[in-house]
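Trainee: Submitted below is the structure of interest, expressed as C-alpha cells.
The values are calculated or read from the model by the stated rules, or taken from the named source; none is laboratory data. The structure displayed is predicted, hence computed values, not measured ones. FYI the Cβ positions are ideal-geometry reconstructions off the backbone, even for glycines, and counts take in every protein chain you see. Just the protein is used for accessible areas: all its heavy atoms, side chains included, with ligands, DNA and RNA removed. Shrake-Rupley method; radii C 1.70, N 1.55, O 1.52, S 1.80 Å.
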Amino acid sequence: MANLNLVEAVREALRQEMEHDPKVIVLGEDVGRNGGVFRVTEGLFQQFGPDRVVDTPLAESGIVGMAIGMAIAGYRPVAEIQFSGFVYPAYDQLVSHASRMRNRSRGGYTVPMVVRMPYGGGIRALEHHSESMEAVFVHVPGLKVVIPSDPYDAKGLLTAAIRDPDPVIFCEPDRIYRAVRMEVPEESYTLPLGEAKVVREGFDLTLISWGAHVRTAKQAADHLAEEGVYDVEVIDVRTLSPFDINTVAASVVKTGRAVVVQEAPRTGGFASEIATQLMERAILQLEAPVGRVTGFDTIPPLGRLEDYYHPDVRGVMRQIRATMEF
Amino acid sequence: MPVTNLVSFTIPRVEVMDPAGTVDAALMPDLTPEQIRELYATMVTTRKLDDRMLKLQRQGRIGTFARVLGQEAAHIGATYALAKEDWLVPAFRETGSFLLRGIPPEKLLQYWGGDERGHDFPAGSRMLPISVPVGTHMLHAVGIGWAMKHNKERAVVLTIFGDGATSEGDFHEAMNFAAVFQAPVIFLCQNNQWAISVPYERQTAAATVAQKAVAYGMPGIQVDGNDIFAVYRVTKEAVERARNGEGPTLIEAHTYRMSDHTTSDDARRYRTAEELAFWQERDPLERLARYMRAAGMLDETAEAAVAAEAEAKVAGWVEAFEAKPPSEPEEIFRHVFAEPTPALVAQQEELLSSLNAADEGR
Ligand SMILES: Cc1ncc(C[n+]2csc(CCOP(=O)(O)OP(=O)(O)O)c2C)c(N)n1
Ligand SMILES: [Mg+2]
C-alpha cells in the first residue's frame, strides 16, 4: 500500500499504464517538462521521454483531434486539458468525432482515448477555472464520463478508462487534489466503469453525489448521525455515463427518500437525470420528491463570493431535513 | 511547363533603439519630449504596480494574476498609438494598457482580487474586460472593427494576445475574417517566447509569428518588443492604415516574459537563469531610461521624482481597492441577463433566506 493523494494516484495510474502498454501516450499543454500545472504528470517526461509525454502547442481542438487520430492508429492517448473550462474548443472534436467514429465506421475505427481535466471550483481561481459542466459530456452519446472522489477510486477508474475501448472524459475535482491521502494499492488495478459505490450505509434517506461533494455528503451524513437524528446512506456515482441506476434505485427503494448534491448549475444538470430515473424506478417507494442541492443557474462567481455558490454541509443538512420532513 | 513562383515574401523587423538606448534618427517616431516622458512614467508606474501586486498576492490580498514584467514596452507602446475613440480588446497581460485607457487601476486590483465588479469599466472606455480563454477574443476585435467600418466611424481596434494564442484555431479565423472584411484591426502578438512552460519553437515551426499574416493577405511585421519607439512607430502606422480603410495588420512584438507565467508558476522549472539574464540586460524600461538620460530628458532628480510619483499613485490605488465595500452575495445573480429570470429570482431568494437561517443558527 502507498499513502497517496489524488494527484499522486492519477500519476501512478498513468505511470503504470505507460509501463504496461507502450501505446499509452500522454499529451497536452505543459504536461512534459513542467509536469502539468497541477504537477499530475510530474516525472513522467523524465521517465518516458518526449515521444510519450508530449508537450503540445496551445490548442485544445488540436490536442483532442490529434488524439482521436492517434487512437484510430492504434495508440491509447491520454490527453490533458489544462482546466475543464478550456475544453470547449475541443468540444466539436468530442461531439462530432470522438463519440461517433465507432458508430460512423460501423465498428471499423475506434477511439480508445481518455481526456483528463481538472474540474470544479473551490480553489479561488480565475474566471473559467471553476465550472462543473459534466452534463455537457453526459449528454453526448458515445462518451463515457468518470468523476472520482478519492485517490483509490481515481487510480482504479483511470486505469480502467485507459484500457476502455471507447472515449472517456475523466474529470478530476481539483478542490480535492491534495485534500485527502489514503492507502492505495501499489500494484495496478481497475474499477469497473458503470458501478456506483455505497460509501456509507443508512436507512432514512439516500444521499447521492460525485466528485468533490461526496465528501460534503459524507460530512453532512456524519453530522446528522452524531446528532442522532437521521441515518443517511451515501452513494458515490463515480461514473455518470454509464450511470449505475441499479445501485441507486435499490438504495432508494430501501430508504424511500433521495437527495442529490451537485456543484453544477441546477437546470439541466445530472441531478435532474437521477431524479427522473428514480421516478421511473421507484415512484411507489418515494415518500418525498427527490431533493437537489446544486450550484445556481449563474456564472460561477470569482473567489470572493465562491463559497456562497457551492453546495456546503449546512445546505445539504438543510435539504435532508426538508426531504425527511416532507 | 515551367514552374512559376506565385508568392514570395519577406518579413521586416523594425528596431529603432538599441539596448544602449541609442536611436536611429531616421526611424524615430514623431513623439514630443512630453510624450516620451509620459511613456516613461507609464512604464515606471506599471512596473511598480506589478511589483506591488506580487506582494499583495503573496500576502493573500489578491489572487493569482499574470505579471507584465519585461513586456511594458510592447503593450504600452502599442496602446499609446490608439486614439480615445479606438477600441482595445486585451488578453490578460496588459496592466499598462489599463492605465493608458483610463480604467481606474483599483478596478484591476479588484478583479484580480476575485471580485467581478472590477470589470465594471467606466462608460465609453472602449476596452473589453480581461479574457482568460487563450486566443479566443481576437474574433471580437474583428466584429467590433467591422461595426466601426459599417458605422463609418474612423475608429480602429487593437487586440493583444500571446505567442501561445496563435496556436488556437480562433486566431486563424480572426486573421482570415479581418482580411476578408478588411476590418480596421491591429493584431498585436506579445511574443514573450513562452506559453507557460512551452517555448516558442514548440508553439510553431514558423520562424516568425509575423509571417502568418502572409497567408491571410495582410501585412506582417516584427518589432523589437523591448523597444518602445519601434513598437509605437509600427503600431501607429498600422493604426493609420486601418483608419484609412486599408485593412488589418499583424504585428509581432518580440519580447520576453521576465516573470513567472503567473503567481502560481515557477519558471525555474523549465528555463535557464542564463536566458533570463540575457533578457534582463535588454530590459525595456532601462533602455528607454538610457535614451532619455543621454537626451538630457532624465537626470537623477527627475528619475527619483517619477519613481516617487508612481509609488504614491500605486499606494493610492491599493488604498482605494482595499476601501471598497465587500461584495454582497446578491452580486452572483446580477448581470446574468438584462432581466433576472423567475428561476434566478427564486434561487437568490433561496440563498438569502438560507444565509438568514444560518445567522439565526438553524
Ligand atoms: C483556451 C485556453 N487554454 C489553456 C489556458 C491555460 N493558459 C493560460 S495562459 C496560457 C499560456 C498562454 O501563452 P501565451 O498566449 O503565449 O500568453 P502569455 O501567457 O505568454 O502572455 C495557458 C496555457 C487558457 N487560459 N485558455
Ligand atoms: Mg507567451
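Trainee: Put +1 on the Cβ of each Lys and Arg and -1 on the Cβ of each Asp and Glu in the protein assembly as shown; which of A:270, A:89, B:74 then has its Cα farthest toward the positive end of the dipole?
Mentor: Looking along the dipole axis, the top candidate is A:89.
Trainee: In Å and from the alpha-carbon atoms only, list the Rg and Dmax of chain B.
Mentor: 22.0, 90
Trainee: Cα-Cα pairs above 18 Å in the range A:103-203: how many percent?
Mentor: Values: 2835 of 5050 pairs.
More than 18 Å apart: 56 percent of the Cα pairs in the range A:103-203.
Trainee: Against the longest alpha carbon principal axis of chain B, how many degrees, from 0 to 90 and to the nearest 10, is the axis of helix B:284-294 turned?
Mentor: Rounded to the nearest ten degrees, it is 60.
Trainee: For the pair B and A, how large is the buried accessible area, both sides, in square angstrom to the nearest 100, if the probe is 1.4 Å?
Mentor: Values: alone 17330 and 13600 Å², together 27580 Å².
Chains B and A together bury roughly 3400 Å² of accessible area.
Trainee: Considering all projection directions equally, how large on average is the shadow of the alpha-carbon convex hull of the range B:40-142, in square nanometres?
Mentor: 6.4 nm²
Trainee: Ok, one more. With all protein chains present, how much of the accessible area of the protein assembly as shown (probe radius 1.4 Å) comes from carbon and sulfur, to the nearest whole percent?
Mentor: Details: 14600 of 27580 Å².
Using a 1.4 Å probe with all protein chains present, the protein assembly as shown comes out at 53 percent carbon and sulfur.
Trainee: What does the C-alpha gyration tensor say about the overall shape of the protein assembly as shown? Classify as rounded when a/c is under 1.5, otherwise prolate if a/b is larger than b/c, or oblate. Please report the intermediate quantities before stating the final value.
Mentor: Working: a/c = 2.08, a/b = 1.61, b/c = 1.29.
Note, shape of the protein assembly as shown comes out prolate.
Trainee: Follow-up. Could you grab the relative contact order for chain B? Cα pairs under 8 Å, six or more apart, rounded to a whole percent. Could you put the intermediate results ahead of the total?
Mentor: Numbers: 600 pairs, mean separation 82.1, N = 362.
Answer for chain B is 23 percent.
Trainee: Sticking with this one: Is there a quick way to get the dipole size of the protein assembly as shown? I mean about its Cα centre, with the Cβ of Lys and Arg at +1 and of Asp and Glu at -1; what is the value in debye to the nearest 20?
Mentor: Values: 69 positive and 95 negative charges, 219 e Å.
I would put it at about 1060 debye.
Trainee: So, one more: Could you compute how much accessible surface residue A:207 exposes when probed at 1.4 Å, giving the result in Å² to the nearest 10?
Mentor: Rounded to the nearest 10, the figure is 0 Å².
Trainee: Considering only DSSP beta bridges where both residues belong to the range B:13-327, give the percentage that are antiparallel (nearest 5). Please list the in-between numbers first.
Mentor: Values: 3 of 26 bridges.
Of all bridge pairs located within the range B:13-327, approximately 10 percent are antiparallel.
Trainee: Now a separate question. For the range A:2-184, with equal point scatterers placed on the C-alpha atoms only and solvent neglected, what are the log10 I(q)/I(0) values from the Debye formula at q = 0.16, 0.18, 0.19 1/Å, to two decimals?
Mentor: The computed values of log10 I(q)/I(0) come out as -0.92, -1.19, -1.34.
Trainee: Ignoring everything except DSSP H segments at least 4 long, calculate the 222 nm mean residue ellipticity for chain B; use -39,500 (n - 2.57) per segment, divide by total residues, nearest 500. Don't skip to the end; give the middle numbers.
Mentor: On the way: 13 runs with 159 residues, N = 362.
Value at 222 nm, helices only: -13500 deg cm²/dmol.
Trainee: How much accessible area does residue B:285 have with a 1.4 Å probe, in Å² rounded to the nearest 10?
Mentor: Roughly 20 Å² of residue B:285 is accessible to a 1.4 Å probe.
Trainee: A further question follows. What is the distance in Å between the Cα centroid of the range A:118-161 and that of the range A:283-301?
Mentor: Answer, in whole Å: 20.
Trainee: May I pose another question? Which positions within the range A:280-326 get 50 Å² or more of their accessible surface covered by the other protein chains, compared to the chain by itself, with a 1.4 angstrom probe?
Mentor: A:296, A:297, A:298, A:302, A:304, A:305, A:308, A:314, A:318
Trainee: Just order B:9-16, A:80-87, B:37-44 by mean Cβ neighbour count inside 10 Å, highest at the front, would you?
Mentor: On the way: B:9-16: 14.9, A:80-87: 23.4, B:37-44: 19.9.
In descending order of packing, they fall as A:80-87, B:37-44, B:9-16.
Trainee: With every protein chain kept in the model, how would you rank B:333, B:92 by accessible area, 1.4 Å probe, largest at the top?
Mentor: On the way: B:333 10, B:92 50 Å².
Result, largest first: B:92, B:333.
Trainee: Would you mind counting up the charge near residue A:110? Only other residues with Cβ under 12 Å from its Cβ, with Lys and Arg at +1 and Asp and Glu at -1.
Mentor: Numbers: positive: A:76, A:100, A:102, A:104, A:106; negative: A:164, A:166.
Within the 12 Å Cβ shell, the charges total +3.
Trainee: Determine the alpha carbon to alpha carbon distance for each of B:48/B:152; A:218/B:324; A:218/A:254; B:55/B:84; B:212/B:313 and list only those over 30 Å. Working shown, then result.
Mentor: Values: B:48/B:152 40 Å; A:218/B:324 38 Å; A:218/A:254 19 Å; B:55/B:84 32 Å; B:212/B:313 40 Å.
Exceeds cut-off: B:48/B:152; A:218/B:324; B:55/B:84; B:212/B:313.
Trainee: Nearest-5 percent of antiparallel DSSP beta bridges in chain A?
Mentor: Values: 8 of 40 bridges.
Among the beta bridges of chain A, antiparallel pairing accounts for roughly 20 percent.
Trainee: Sticking with this structure for a sec: Note the direction-averaged projected area, equal to a quarter of the hull surface, for the Cα convex hull of the range A:197-324, in nm². Numbers along the way, then the final one.
Mentor: Numbers: hull surface 29.4 nm².
One quarter of the hull surface, i.e. the mean projection, equals 7.3 nm².
Trainee: Hey, another quick one. For residue A:197, list the aspartates and glutamates whose Cα falls under 16 Å from its own Cα; do not include residues on the same chain fewer than 8 positions away.
Mentor: Reachable aspartates and glutamates: A:150, A:153, A:233, A:236, A:244.
Trainee: Looking at the protein assembly as shown, what % of its DSSP beta bridges pair antiparallel, to the nearest 5?
Mentor: On the way: 11 of 66 bridges.
Restricted to the protein assembly as shown, the bridges split so that about 15 percent are antiparallel.
Trainee: All other residues with a Cβ under 15 Å from the Cβ of residue A:262 taken together, and with Lys, Arg as +1 and Asp, Glu as -1, what is their net charge?
Mentor: Working: positive: A:175, A:215, A:238, A:266, A:292; negative: A:131, A:134, A:236, A:263, A:273, A:297, A:312.
Spelling it out: positives minus negatives among the neighbours equals -2.
Trainee: Where only protein heavy atoms count, and the probe is 1.4 Å, what is the accessible area per residue for the protein assembly as shown in Å²?
Mentor: With the other protein chains kept in place, the protein assembly as shown gives 40 Å² per residue.
Trainee: Give the separation of the Cα centroids, the range B:238-275 to the range A:30-83, in Å.
Mentor: Value for the Cα centre distance between the two parts: 25 Å.
Trainee: Right, here's the next one. Got a sec? Charge dipole of chain B, +1 on Cβ for Lys and Arg, -1 for Asp and Glu; which of B:95, B:292, B:262 is way out at the positive end?
Mentor: Farthest along the dipole direction, towards plus: B:292.
Trainee: What is the dipole size for chain A, taken about its Cα centre, with +1 at each Lys and Arg Cβ and -1 at each Asp and Glu Cβ, in debye to the nearest 20?
Mentor: On the way: 33 positive and 44 negative charges, 112 e Å.
That gives chain A a dipole magnitude of about 540 debye.
Trainee: If you place +1 on the Cβ of every Lys and Arg, -1 on the Cβ of every Asp and Glu, and leave all else neutral, what size is the dipole of chain B about its Cα centre, to the nearest 20 Debye? Walk me through the numbers before you get to the answer.
Mentor: On the way: 36 positive and 51 negative charges, 123 e Å.
So the dipole magnitude of chain B works out to roughly 580 debye.
Trainee: Helix A:270-282: angle to the longest alpha-carbon principal axis of chain A, degrees 0 to 90, nearest 10?
Mentor: For helix A:270-282, the angle is close to 60 degrees.
Trainee: Give me the angle, in degrees from 0 to 90, between the Cα long axis of helix B:33-58 and the longest principal axis of the Cα atoms of chain B, rounded to the nearest 10.
Mentor: For B:33-58 against chain B, the angle is about 40 degrees.
Trainee: Please list, or write none, the aspartates and glutamates whose alpha carbon is within less than 18 Å of the alpha carbon of residue B:107, excluding same-chain residues fewer than 8 places away.
Mentor: The qualifying aspartates and glutamates are A:127, B:50, B:51, B:94, B:115, B:116, B:120, B:311, B:319, B:322, B:328, B:331.
Trainee: For B:227, B:170, A:307, write out the residues from largest to smallest accessible area, computed with a 1.4 angstrom probe and no ligands counted. Write down the numbers at each step before the final one.
Mentor: On the way: B:227 0, B:170 50, A:307 100 Å².
From most accessible down to least: A:307, B:170, B:227.
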